[in-house]
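The values are calculated or read from the model by the stated rules, or taken from the named source; none is laboratory data. Keep in mind the model is a prediction, meaning the values are calculated, not measured. For neighbour counting, all protein chains shown are included, and Cβ atoms are generated from backbone atoms with ideal geometry for every residue, glycine included.
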Amino acid sequence: MNAEPLIKKLGDELRALISREKMEEPAMVGIHTGGVWIAKQLHEQLKLKLPLGTLNINFYRDDFSRKGFNPVVNPSILPFDVDGRHILLVDDVLQTGRTIRAAMNELFDYGRPASISLIVLAERNGRELPIEPTLCAQHFQLEPHQHIKLQGPEPLQLEVLER
């Protein structure tokens, strides 16, 4: 499935959210890797003033010891003050909620935001943690043996895969 129309839809909904919630100078943060791909497009579409931030949550994951050490880890980059700021946290797919929990833990290490709005391209049933997106472009009802993956960066495609 082509992700471009979904990203456009998210951008329109996000513009309305920023206006409705009266967010002054919100900061957008993409989660590596797919969340950064989407955040770059949304950031450009919305013409946000603050530079795009990126999070690499590998060391914050609760399953780090099971996944093993990955020697190539890109650093997180937050080129703005997190304290008191409205954060637009962008990820590709909300599956279990564990990635988002890790991202929020890392964000709070940088400061205390005024709010965090979770923006995802897609979500699926079967969450392990009570985390819900603020905005989601597409919901998938999947069987337990299926998952969603964003392929990219050119072109961005959502695929339902068998485990």
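Details
- Near pairs, Cβ below 8 angstrom, 6+ apart or cross-chain, from segment 106-126 (free of Cβ contacts under 8 Å to residues at least 40 places away in the same chain and over 15 Å from ILE31 (Cβ atoms)) to any residue that is surrounded by fewer than 21 Cβ atoms within 10 Å (Cβ to Cβ) and of a type in the set (Phe, Trp, Tyr): ARG124/PHE140; ASN125/PHE140
- Flag if VAL73 is surrounded by fewer than 21 Cβ atoms within 10 Å (Cβ to Cβ), modelled with pLDDT of 95 or more, assigned to a loop (DSSP other than H, G, I, E, B) and among the β-branched types (Val, Ile, Thr): no
- Given (1) of a type in the set (D, E, K, R); (2) surrounded by fewer than 18 Cβ atoms within 10 Å (Cβ to Cβ); (3) at pLDDT 95 or above, number of the condition ARG61 does not satisfy: (3)
- If the condition is being of a type in the set (Gly, Ala, Ser) and either in a loop (DSSP other than H, G, I, E, B) or within 16 Å of LEU52 (Cβ to Cβ) (or both), then segment 1-26 contributes ALA3, GLY11.
- Residue under evaluation ARG15, criteria (1) in contact with a strand residue (DSSP E or B) (Cβ under 9 Å, 6 or more places away or on another chain); (2) surrounded by 14 or more Cβ atoms within 10 Å (Cβ to Cβ); (3) at pLDDT 95 or above; (4) not small (Gly, Ala, Ser), criterion not met: (1)
- If you filter segment 135-150 down to residues that are within 13 Å of ASP91 (Cα to Cα) and out of contact with any helix residue (DSSP H, G or I) (no Cβ under 7 Å at 6 or more places or on another chain), you find that the one that is surrounded by the fewest Cβ atoms within 10 Å (Cβ to Cβ) is LYS149.
- Some residue of segment 106-126 being closer than 22 Å to LEU78 by Cα, of a type in the set (Gly, Ala, Ser), in a loop (DSSP other than H, G, I, E, B) and over 16 Å from the mean Cα position of the chain (by Cα): yes
- Failed criterion for GLU159 (all others in (1) of a type in the set (Asp, Glu); (2) surrounded by 13 or more Cβ atoms within 10 Å (Cβ to Cβ); (3) in contact (Cβ under 8 Å) with a residue 40 or more places away in the chain hold): (2)
- Any hit, segment 82-100, residues being exposed (fewer than 15 other Cβ atoms within 10 Å of the Cβ) and within 14 Å of the chain's Cα centre (by Cα): no
- Of all residues making up segment 127-155, the number that are outside any strand (DSSP E or B) and of a type in the set (Val, Ile, Thr): 2
- Flag if VAL29 is touching a strand residue (DSSP E or B) at 6+ places or on another chain (Cβ under 6 Å) and assigned to a helix (DSSP H, G or I): no
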